[in-house]
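These notes are about the structure you will find just below.
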Amino acid sequence: MKINIETDWISFIESQKSKSYWPQLEMIVDQSYKSQIVLPNEENIFRCFNYFNVDNLEVVIIGQDPYPNQGDACGLAFSVERNYNLPHSLQNIFKELKNDLGIKRTNGDLSDWSNQGVLLLNAALTFSKSQPDFLKLWAPFIEAVIEYIDDNTKGVVFILWGNFAKKFIPLIKNNASYIIALGHPSFALMHKQFFNTKPFSKTNRALQQLNKQIIKW
């Protein structure tokens, strides 16, 4: 796997190479890129870790897996490249953003959130229609990420969108952290589980309580 990381997250990622799960994960991911269509592009697998150092982490947004359409997945959960059409889930995120904070956003490139210390983390860092086990394969790594954050930060805000993301709640044990667990923005019952839940204003209030900078969503 290509690990193009210039932040201090690289130390954590390198430490995972000695874990028992890593050889199988690396082998299957590498073979999949050679034999099938895998998203995102290989150089973007770990992109979400490349915007800030660990000490600058403010918010963790956890989704499920990368967008299934070639061109949409970019290595940042829920984000697309600038000027791309907005996937259904991102349209709903922006509807809730306008409802919550009155912000009307049309640009689906969320790298400006990343630049403010928002980790846009999928529960699987790769997706392929031919490899349905990626969520299972990536689970030990994602669990290790959350435990590392839990042990090495003074409190962050976790936004967990969807039932799969909510499975990580037991790993968040730091009493200084805030958890905002909601429905996934793309699911059919989103009007009950996602809309009108105000995750953006809740996050900024939590950040203020942590004496951190609010996010300019």
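The values are calculated or read from the model by the stated rules, or taken from the named source; none is laboratory data. The structure displayed is predicted, hence computed values, not measured ones. Ideal geometry is used to build each Cβ from the backbone, glycine not excepted, and the neighbour counts take in all protein chains shown. For accessibility, only protein heavy atoms count, side chains too; no ligands or nucleic acids. Shrake-Rupley method; radii C 1.70, N 1.55, O 1.52, S 1.80 Å.
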Enumeration of residues in the range 58-77 that are touching a Gly at 6+ places or on another chain (Cβ under 8 Å) and surrounded by fewer than 22 Cβ atoms within 10 Å (Cβ to Cβ) = 64
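Okay, residues lined up against (1) open to solvent by 20 Å² or more (accessible area, probe 1.4 Å); (2) of a type in the set (S, T, N, Q); (3) closer than 23 Å to residue 58 by Cβ:
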| site | (1), (2), (3) |
| --- | --- |
| 115 | yes, yes, yes |
| 118 | no, no, yes |
| 121 | no, no, yes |
| 125 | no, no, yes |
| 133 | yes, no, no |
| 136 | yes, no, no |
| 145 | no, no, yes |
| 148 | yes, no, yes |
| 160 | no, no, yes |
inquiry  = Between a residue in the range 11-22 that is closer than 11 Å to residue 141 by Cα and any residue that is among the polar types (S, T, N, Q) and open to solvent by less than 90 Å² (accessible area, probe 1.4 Å), which pairs come within a Cβ distance under 8 Å, given they are 6 or more apart or on different chains?
reply    = 22/16
request  = Pull up the range 168-198, narrow it to residues that are charged (D, E, K, R) and at pLDDT 95 or above, then point me to the one that is least open to solvent (accessible area, probe 1.4 Å).
outcome  = 198
inquiry  = Quick check on the range 114-124. Is at least one of its residues at pLDDT 95 or above, part of a helix (DSSP H, G or I) and out of contact with any Cys (no Cβ under 8 Å at 6 or more places or on another chain)?
reply    = no
request  = Scan (1) in contact with a strand residue (DSSP E or B) (Cβ under 8 Å, 6 or more places away or on another chain); (2) open to solvent by 50 Å² or more (accessible area, probe 1.4 Å) for the single condition residue 154 breaks and write down its number.
outcome  = (1)
ask   = Hey, among 146, 142, which residue is within 24 Å of residue 70 (Cβ to Cβ) and of a type in the set (A, V, I, L, M, F, W, C)?
value = 142
task = Those residues that are at pLDDT 95 or above and not polar (S, T, N, Q), I need them from the range 145-165; list them, please.
result = 145, 146, 147, 148, 149, 150, 151, 156, 157, 158, 159, 160
request  = Report yes if residue 201 is modelled with pLDDT of 95 or more, hydroxyl-bearing (Ser, Thr, Tyr) and open to solvent by 10 Å² or more (accessible area, probe 1.4 Å), otherwise no.
outcome  = yes
request  = Tell me which residues, restricted to the range 48-57, are within 13 Å of the chain's Cα centre (by Cα) and open to solvent by less than 40 Å² (accessible area, probe 1.4 Å).
outcome  = 48, 49, 57
ask   = Can you name the residue in the range 88-108 that is without any contact (Cβ under 8 Å) to a residue 40 or more places away in the chain and open to solvent by 20 Å² or more (accessible area, probe 1.4 Å) and, of all such residues, is nearest to residue 51 (Cα to Cα)?
value = 107
key: Looking only at the range 18-42, and only at residues there that are among the aliphatic types (A, V, I, L, M) and under 17 Å from residue 66 (Cβ atoms), the one that is surrounded by the most Cβ atoms within 10 Å (Cβ to Cβ)   = 38
message = Looking at the range 176-205 only, could you name the residues that are under 16 Å from residue 60 (Cβ atoms) and over 19 Å from the mean Cα position of the chain (by Cα)?
response = 176
